[in-house]
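The values are calculated or read from the model by the stated rules, or taken from the named source; none is laboratory data. From a predicted model like this one, the values you see are computed outputs, not experimental measurements. Note: ideal-geometry Cβ built from the backbone for every residue, glycine included; neighbour counts use all protein chains shown.
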């Protein structure tokens, strides 16, 4: 069995070694133009040329949860496209989102500024019941985030394309209930897949429907958010702040207004990193399952785009 | 039934109104020197004179979880002393501690400094298995904190005076196992009651036993920590940092070195605030139970001091 590896921005050597160790007998090689045909591919943001030269691929394994970059390419039609479906990412996402929600709710930035100024001052505790958190996207990551938030007793709303029931989470589904979801939400957490349907989903109209003092946490894709609309609503005071991990262009261009906006906290697409060891184990398991005709989790539906 | 209210640093009016509403028929009055004898007292850091003038008290209800301030006074010997045993504090404590642990583990301060400097830079993800968190004190608050940390998959150790079993928490008990607990711990969370036995428990000798890169989170009482010893170990590099919410003298004196230490994050004793409505409901319920001879949670053992 031949496996070709084509991942931009990724140090290849440890992946090649790791995949070979996890799949005894397999030949794992870094892709180069003109490389011989392989059975399966492990990819991250490969060029179109890669797929044009490898039309025979049976399985394509994305080393991330979001496959939006692949959806823009022409893939071999018979290939099964598989995304990473947890591999240590959901706990990281729960950490990131809970940290951002607690930091905002508890006003830790305000306390820190006071203490740095040598001021010992109390703030009136805020009511947890007034800080409903709405999670858009209830896949593996969104569900884990919703459960983690519940442990801190925030009211949690969930919105997904089709109805999804999670104990203790007030569920909303589909376009018909999107407005109700937004109006019931103060802190909006985006964990949607990026598809033509979800692009620009956070815009002036939708974000205006969040409760006053709304807060936006974007940990999915930059193209879900209309940057200028967020800034307008932050500056008008309707939104209190935002924590952003993902951007339309990454790295965020030097001249972008997000860098210096006082109400925005930034991180460099680090909310849930692909952990190599966990990912290798998961992908190796999925390759074996695909070869044996066993069911595989995380198969992408090209029609839905995730 | 007469209830007297004597709480320093507390706005009395809403407590008096709330307690009267929760205990129909009771007379609730703010204590003043020479006030008539009452059946029960609701207190926070009262003067010795208060107890000297009210020797007949049946119940003394502290509006906080820690009763160390009362343990320094002579109390009416027949009175039952009761502390607040959750009243919305445990969720706040879980929030505070999880926020501090995640902030440190995920290096969010470092990312924020990079981003403020206009730098988009990755850091190598740290291994969760290397960040064992040790919770000292496994009462209502400590147990809740330990459970919350488990959700983020940190290895969690617990240490308490007597053996306490919490699923998924590696338990240590008593003086005999304290060293083992410290050596197994990288991030130390203090939630002990303050008693003569636990005063100065975090000192140069004990903190030196934490794993290299240790981190200290003190959310109990300032007198648990020897301030100079913490600074020595931060400056030597054995400890990576500390988050402190409580101090030997509060407000923290202007000249104290904690204010400006680059490895210390401070908050003004705000980790778990007494929430008035929840506390009134709990204290009213406990007064009724005490009057009826029913069991009451949170009775303080004067011998143990908590």
TODO: For residue B:137, state whether it is at positive phi and modelled with pLDDT of 95 or more.
DONE: yes
TODO: Would you mind telling me which numbered condition in (1) more than 21 Å from the chain's Cα centre (by Cα); (2) within 12 Å of chain A (Cβ to nearest Cβ); (3) in contact (Cβ under 8 Å) with a residue 12 or more places away in the chain residue B:102 fails?
DONE: (1)
TODO: Tell me, yes or no, whether region A:127-139 has at least one residue that is farther than 18 Å from residue A:215 by Cβ and either crowded, with 17+ Cβ neighbours inside 10 Å or within 14 Å of chain B (Cβ to nearest Cβ) (or both).
DONE: yes
Task: One residue from A:111, A:122 being surrounded by fewer than 22 Cβ atoms within 10 Å (Cβ to Cβ) and at pLDDT below 95 - done: A:122
Open item on the list: Based on this model, can you work out whether residue B:95 counts as more than 20 Å from the chain's Cα centre (by Cα) and modelled with pLDDT of 95 or more?
Closed with: no
Open item on the list: Please go through region A:47-65 and give me each residue that is more than 19 Å from residue A:275 (Cα to Cα) and without any contact (Cβ under 8 Å) to a residue 60 or more places away in the chain, ordered by number.
Closed with: A:47, A:48, A:49, A:50, A:51, A:52, A:53, A:54, A:55, A:56, A:57
Task: Number of the condition not met by residue A:115 [criteria: (1) over 28 Å from the mean Cα position of the chain (by Cα); (2) more than 30 Å from residue B:89 (Cα to Cα)] - done: (2)
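Residue by residue through region B:140-151, note down the ones that are touching a strand residue (DSSP E or B) at 6+ places or on another chain (Cβ under 9 Å) and within 14 Å of chain A (Cβ to nearest Cβ).
Correct list: B:143, B:145, B:146, B:147, B:149, B:150.
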Open item on the list: Checking the conditions here, which among B:74, B:106 is over 20 Å from residue B:284 (Cα atoms) and either in the same structural domain as residue B:187 (by TED's automatic domain parsing) or in contact with a helix residue (DSSP H, G or I) (Cβ under 6 Å, 6 or more places away or on another chain) (or both)?
Closed with: B:106
Open item on the list: Based on this model, can you work out whether residue A:245 counts as modelled with pLDDT of 95 or more and more than 14 Å from every other protein chain (Cβ to nearest Cβ)?
Closed with: no
Task: Residue in region A:255-262 that is surrounded by fewer than 16 Cβ atoms within 10 Å (Cβ to Cβ), within 14 Å of chain B (Cβ to nearest Cβ) and in contact (Cβ under 8 Å) with a residue 24 or more places away in the chain present - done: yes
TODO: Could you list all residues from region B:84-99 that are surrounded by fewer than 22 Cβ atoms within 10 Å (Cβ to Cβ) and either touching a strand residue (DSSP E or B) at 6+ places or on another chain (Cβ under 9 Å) or at the interface with another protein chain (Cβ under 9 Å from one of its Cβ atoms) (or both)?
DONE: B:88, B:91
Task: residue B:148, sole failed condition from (1) touching a residue at least 12 places away in the same chain (Cβ under 8 Å); (2) more than 20 Å from the chain's Cα centre (by Cα) - done: (2)
Task: Failed item in (1) buried (at least 21 other Cβ atoms within 10 Å of the Cβ); (2) in contact (Cβ under 8 Å) with a residue 40 or more places away in the chain, with residue A:198 passing the rest - done: (2)
Open item on the list: Yes or no: region A:159-167 includes at least one residue that is under 24 Å from residue B:151 (Cβ atoms), more than 14 Å from every other protein chain (Cβ to nearest Cβ) and surrounded by fewer than 16 Cβ atoms within 10 Å (Cβ to Cβ).
Closed with: yes
Task: Subset of region A:263-285 (residues that are more than 9 Å from chain B (Cβ to nearest Cβ) and assigned to a strand (DSSP E or B)) - done: A:264
Task: Residue that is farthest from the chain's Cα centre (by Cα) [pool: residues in region B:241-254 that are touching a residue at least 60 places away in the same chain (Cβ under 8 Å) and farther than 15 Å from residue A:120 by Cα] - done: B:241
Open item on the list: For a quick check of your reading: which strands (runs of 3 or more DSSP E) sit entirely within region A:1-80 and have at least 1 residues that are surrounded by fewer than 21 Cβ atoms within 10 Å (Cβ to Cβ)?
Closed with: A:2-7, A:27-30, A:40-44
